[in-house]
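Where a number appears in this text, it was derived from the coordinates with a stated rule and is not lab data. Not measured: the values here are computed from a predicted model. Positions of Cβ are backbone-derived with ideal geometry, glycine not excepted, and every protein chain shown enters the neighbour counts.
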C-alpha cells in the first residue's frame, strides 16, 4: 500500500505545478484571450544541427506509465522499499532534465525551443487540428468553457521557456501580445493566467501595463510573490504533510468519500527521504540556476536560500536577475497593479486559496503550494494560528472589512484589496473543481460582471470552498458568508456533493452559547440546503471569532463519519479589545489543531476518530438530553 501511495504522491509533486455549470453575461468582450499556463505548462524541444527534433519537456502519458511500470517491476524484488521509487523515478528524472540545464550565468546549456511560437501556431483552433487529444493547449478545462462563448479561433496559447525568470517571461509575453493584436486586428487582449502564469502576468502588467494592451486579466492561484514549495525543495527541507497530500488528491478527483481516513495512519516519512536524499541532489545538477525557481523563493527566505546554495561569484548572473525581481519589481507590484486599474481602466481579478499548510512542510498559510502572502500580498498569521479577537486591519480601506472570517489573514495589505477573492480550503490547481471560482474566472475573463468583491452578495471576498470532497457548507442566513450579526435567524447547511446524500448528526458551536437541533433532520440531497432555527443569542460584540463544527454521515461513504469546521466573525456590537497576540484556532478547512502535536500517524487517526464521537455525545447531551 505504501508503494502505491508514494507513487501517487510523487506524481502529484511532479505535475501539480503544471497545471461545469457557469454563466456569463451577454456583454462579452470581443477581444482575443491569451492563456498563460502554470509552471512547466509549455512543451520544449531541442533541434540539433541536422534539424532532428528531440522532445525535451512536456509530461506525456508514456512518461507516467514508465514510472509506474518501473515501480511495479521493482516491487517484487528483494530490495528496501525506499529504493523502489528511487530506481523508478530517479532514472527518468535525470533523463527529463538532462538537457534542461541552466548555467550559473542564467543562460541555457542547450538552445531549447518552444514547440509553437506564433499566434497562428498557438491559436487553439489550429492546435486542435494537429492535436485533438488536447496536447499543446493550456488549461484545457477552463479553455473549453471559454470557447463556448468566443470560439477556439479567439483563444491563444502563450508558450514560454519556464526555466527563465519572471521578467524574462514577461518580456516574451509582451512580444506575444503585440503579435496577437496584429494577427487578430484587435487593439487589446484578455488574459487568463494560472499559478506561475499569474506571476508572469503580474510582472508583465507591472512592467508594461502603461501600454494599455489588456482589457481583462484573471490571475488564478497566482505565484506573484513566489511559492513556498520551491524553498523547501531547493534547500532539501521537505517534510511532507501526508494527510494534506491525500486530501489534495481527493480534491483533484472530486472524491466524495473520505479516503484519507483509510490512509492517514500510514507513515510516509520515507517519501521525504526520497526527495531530500535522492531527488533533490539530482535536481540540483539541472535546476539550481533556473531563474524561475529563484523567483519562486519568497522574499523573506530569499537571502537565506542564496547563502545556502549560490556562490556569489560563480552564480553572479543568476543572482543579478533574481535580485532585480525581488528588490525592484516585486516591492512595487501592488502600486503598479492598482495603477493598471485606476489609470488605464483594466479589470484585474485575483483568486487565491487559503487555510492549508504548504505540503512540503513550511508552516505558512497557503493553498498547499503557494503561500497566501505571495499570491495576494495579504498579512497572514502563521498557519494554525489567527489574530486575536478585536484585530484591526493594517490599512483602513475606506472602512471596508478586509480581515478573513477566521481572522487568519488581512487583505488590507493585498496587491489589490478590492479585487482579490480568497477561498478557504481551495487547493492549488483546483479552481475548475469549485463552482464559485469557475464563475469568477469565466466572467472575469469575458466581462466586468464582478468588477470587485462588492459586485454581488453571492460572491463575497471570503468563501469556504464547495469542492464536493468537502461534503458540507455552512453559513448564517442574513449575513455575508463567514460573518454573523443580530439580523441572522437561521443556520444554513448545504450538501455540496454531486452524488451522495448527507445527514448532519451534530453541530457544535464554540465561542457562543447557541445550539441547533438536527435530530429530526433527514438526509440532505446533493446540492440542497436546510435552514435550522438556533436557540440562544449571538454575543453582542464585534470582531470576535466563533466556530461551528459539523459532524455528518454520507450515504455510500467508505468511512462512517466526517467533520468540517467553519469560522465566523461576529459583527454584532462594540469591537472587543485586541490583545496584540496570535491565538490558536481550528482551521475552517477542517483540521483539528489540538491533535497536531501527536506524531504517530496511527495514534493521531485514532484520536481524531475518538474526538468525533466525543463531539457527537457532547452535542446530544446539550440538546436532546438537556430538554
Ranked list, fewest to most other Cβ atoms within 10 Å of each Cβ, for 194, 301, 372: 301, 372, 194
Sorted by Cβ density within 10 Å, fewest first, the residues 465, 360, 118: 118, 360, 465
Net length gained if the chain between residue 520 and residue 323 were fully extended (0.36 nm per residue, minus Cα distance): 64.7 nm
Residues of segment 197-234 with amide N under 14 Å of a point placed 7 Å along Cα→Cβ from residue 343: 205-213
For segment 316-368 versus segment 116-159, the gap between their alpha-carbon centres in whole angstrom: 27 Å
Chain lengthening between residue 313 and residue 141 when straightened (0.36 nm per residue, less Cα-Cα): 57.4 nm
Full-extension gain in nm, residue 531 to residue 455, via 0.36 nm per residue minus C-alpha separation: 24.8 nm
Under 20 Å from the residue 187 label point (7 Å along Cα→beta-carbon), backbone N, segment 216-233: 216-217
Bins of 10 Å, starting at 0 and running to the largest distance - Cα pair percent for segment 306-365: 17, 24, 35, 21, 3
Spin-label pair residue 332/residue 489, simplified geometry with 7 Å Cα→Cβ offset, distance in nm: 5.5 nm
